[in-house]
1. When Rg is the radius of gyration of the Cα atoms in segment B:1-58 and Rh is its Kirkwood radius, what does Rg/Rh come to?
2. Would you mind calculating the relative contact order of segment A:1-159 from Cα pairs under 8 angstrom and at least 6 residues apart, reporting the percent as a whole number?
3. Counting residues in segment A:207-257 as N, plug N into 2.2 N^0.38 Å and put the Cα Rg over that result.
4. I need A:40, A:78, A:229, A:248 ordered by Cβ neighbour count within 10 Å, fewest first.
5. When the helix-only estimate is applied to the protein assembly as shown (DSSP H runs of n ≥ 4, each -39,500 (n - 2.57), divided by the residue count), what is the mean residue ellipticity at 222 nm, nearest 500 deg cm²/dmol?
6. Using only Cα atoms, what Kirkwood radius does segment A:167-257 have, in angstroms?
7. Beyond 16 Å, how much of the Cα-Cα pair distribution for segment A:95-156 remains, as a whole percent?
8. Ratio of segment A:172-217's C-alpha Rg to 2.2 N^0.38 Å, to two decimals?
């Protein structure tokens, strides 16, 4: 069983990306041996009202049991409490908020209110550090990357909040993890999509220093090819139990409870 | 490795001008070969895997020469 917690549906505004349709994503999942994907609606990340993409996302996921919807939550706009309630009612595995894309202070008052509400609703909150390598971004794609300090501030702001951070590299993860208390760090999960693999193998280092429990399988597909995350974990040559922990069990035990 | 990048390389340069390399990140290098398996015929995949390199490097550059 392999769960990709970090996948997208829909067109990307800054370059041509193949495989953004539901069928395209399902084909890529089959190719890469991925059984289930948590999907976000990519176009609405850039909309002024990102929550308007949630209806399509729910309808699409309802037609395909391998896709689980991760709706957008914008705490600076009216209606976000309703969107959060709908996410819980529809058993969404997480909600997502990308404050720098939304023009919000990533550790500001709106985000802290959202953090508390997600904690109270027992809904993990997903945030991406970035979507693309800075060297390849479109000149008009100027949203800043999520700062590590903001993640630390948010996890500290509410004792029930669980955060799933995607597209983070080793330096970011270490800065947050070792800057947090053990109790705070135990409510953070990191997807493996942006962590270097062999031979320098930042992932192997992090599994040893931070612990395997904190890491979940994610790809960032279709913006990134899913084979990269699969190959990265394959090259660790893990025993079945730790391999299953990354592929699905940490997700099921930590984020889906 | 960004989605669409390999398709764009094949379109722009052609399969006979692509060589496999890793830049010392084995996971992304390996992932590209896995991805190319679905884009290319077995013969064209071999071009990227080794035949193009064997063609352009001097005889004796590889142990199998």
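Here, each number is a calculation from the coordinates, and none is a lab measurement. A quick note: this is a predicted structure, and the numbers were derived from the prediction, not measured. Please note: Cβ atoms are built from the backbone with ideal geometry, for glycine as well, and neighbour counts cover all protein chains shown.
1. With Rg and the Kirkwood Rh in hand, the quotient comes to 0.94.
2. 18
3. This ratio for segment A:207-257 stands at 1.15.
4. The order, fewest Cβ neighbours first, is A:78, A:248, A:40, A:229.
5. Value at 222 nm, helices only: -10500 deg cm²/dmol.
6. Evaluated over segment A:167-257, this radius sits at 13.2 Å.
7. 44
8. Output field value: 1.09.
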